[in-house]
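The values are calculated or read from the model by the stated rules, or taken from the named source; none is laboratory data. Remember, predicted model here, so these are calculated numbers, not experimental data. Cβ coordinates were reconstructed from backbone atoms using ideal geometry, including for glycine residues, and neighbour counts include every protein chain displayed. We work out accessible area using only protein heavy atoms, side chains counted, and drop any ligands, DNA or RNA first. Shrake-Rupley method; radii C 1.70, N 1.55, O 1.52, S 1.80 Å.
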Amino acid sequence: MPLTLTLSRYWQRLTRMRLRKALPVNVVVAVFAIALAGSAIGDQHWEALHSEVQRGDVVPLESILDWLEANYIGEVIEVEIEREDGHVEYEIKLLGAQNQVVEFEFDGHSGQLMKIEGVRINEMRRQ
């Protein structure tokens, strides 16, 4: 699947979750422009990541977002996918009701939550 279709799918996902309003238009445009231009990451890295998700070696971002939505209240304001020594990590920041920012780090291969950083985290947990 081409990168543009993948990005479009995630944009639709954010729309369904009513989180698109949390992302300034200029940020979204910049993300699309960087992704389409290849940026420092390069198209080959995105294609490799997509292949890993298709093979089941990396958990899809949508699964991580589903878990966050089921367990925490907040709006997604940033998503980063990092690769270090072949290991994939998702870093996702949520904005809470009291304007607190909480960062979640997930292991991209298992989907396991590895770390949470922020303030008033317990107030964002769903009951």
Handout entry: Test for residue 49: is it of a type in the set (A, V, I, L, M), assigned to a helix (DSSP H, G or I) and over 19 Å from residue 114 (Cα atoms)
Key = yes
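Could you list all residues from the stretch 83-127 that are among the basic types (Lys, Arg) and either under 18 Å from residue 66 (Cα atoms) or touching a strand residue (DSSP E or B) at 6+ places or on another chain (Cβ under 6 Å) (or both)?
Going residue by residue through the stretch 83-127, those that are among the basic types (Lys, Arg) are 83, 93, 115, 120, 125-126.
Residues satisfying the conditions are 93, 115, 125, 126.
Listed here are the residues, each with its yes/no results for (1) open to solvent by 30 Å² or more (accessible area, probe 1.4 Å); (2) at positive phi; (3) assigned to a loop (DSSP other than H, G, I, E, B); (4) among the hydroxyl-bearing types (Ser, Thr, Tyr).
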{"position": "58", "(1), (2), (3), (4)": "no, no, yes, no"}
{"position": "62", "(1), (2), (3), (4)": "yes, no, no, no"}
{"position": "68", "(1), (2), (3), (4)": "no, no, no, no"}
{"position": "80", "(1), (2), (3), (4)": "yes, no, no, no"}
{"position": "88", "(1), (2), (3), (4)": "no, no, no, no"}
{"position": "98", "(1), (2), (3), (4)": "yes, no, yes, no"}
Handout entry: Pair list, Cβ under 6 Å, 6 or more apart: the stretch 68-97 residue without any contact (Cβ under 8 Å) to a residue 40 or more places away in the chain, other residue surrounded by fewer than 14 Cβ atoms within 10 Å (Cβ to Cβ) and part of a strand (DSSP E or B)
Key = 89/82; 91/80
